[in-house]
């Protein structure tokens with residue numbers, strides 16, 4: 001069984017890995033000034049990855065097409081995971097950067 005301290009350290013390590021991969025984080029607050037979530041966004045290749053952390057056991061990560069206009073409530077996603085921070089962050093870190101497993105990547109012809 002993993003202790004709460006071990007889980008927090010593991011989550012901190014995974015968040016540091018996300019920062020190293022280029023994620024930018026914001027910390028929205030309620031009217032009293034308390035942080036209500038930690039949201040990370042990374043646009044790369046032809047996709048955008050977003051992760052919401054509302055608590056150690058309440059994390060949602062999504063990958064969406066790069067042309068999606070609303071990152072916080074997307075209408076199209078190519079991958080999603082929800083659950084405890086350790087599991088979801090690991091899955092997000094394990095995704096290949098240049099494609100989404102199980103989806104078709106369409107390449108547009110470049111005019112010369």
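Considering only residues of the range 88-98 that are in a helix (DSSP H, G or I) and either without any contact (Cβ under 8 Å) to a residue 24 or more places away in the chain or in contact with a helix residue (DSSP H, G or I) (Cβ under 6 Å, 6 or more places away or on another chain) (or both), which is surrounded by the fewest Cβ atoms within 10 Å (Cβ to Cβ)? Applying the filter and picking the extreme gives 94. In summary, strands (runs of 3 or more DSSP E) completely within the range 9-85 and bearing 3 or more residues that are at pLDDT 95 or above and within 11 Å of the chain's Cα centre (by Cα) occur at 38-44, 47-55, 58-65.
If I ask for residues that are under 14 Å from residue 95 (Cα atoms) and exposed (fewer than 14 other Cβ atoms within 10 Å of the Cβ), which ones from the range 45-74 would you list?
Here is the first cut: in the range 45-74, the residues under 14 Å from residue 95 (Cα atoms) are 45-51, 61-64.
Across the range 45-74, the qualifying residue is only 45.
Of the candidates 77, 39, the single residue that is free of Cβ contacts under 8 Å to residues at least 40 places away in the same chain, over 19 Å from residue 14 (Cβ atoms) and surrounded by 14 or more Cβ atoms within 10 Å (Cβ to Cβ) is 77.
The values are calculated or read from the model by the stated rules, or taken from the named source; none is laboratory data. What you are looking at is a predicted structure, and each value in this text was computed from that prediction instead of being measured. No Cβ is skipped: glycine too gets one built from the backbone with ideal geometry, and neighbour counts run over all protein chains shown.
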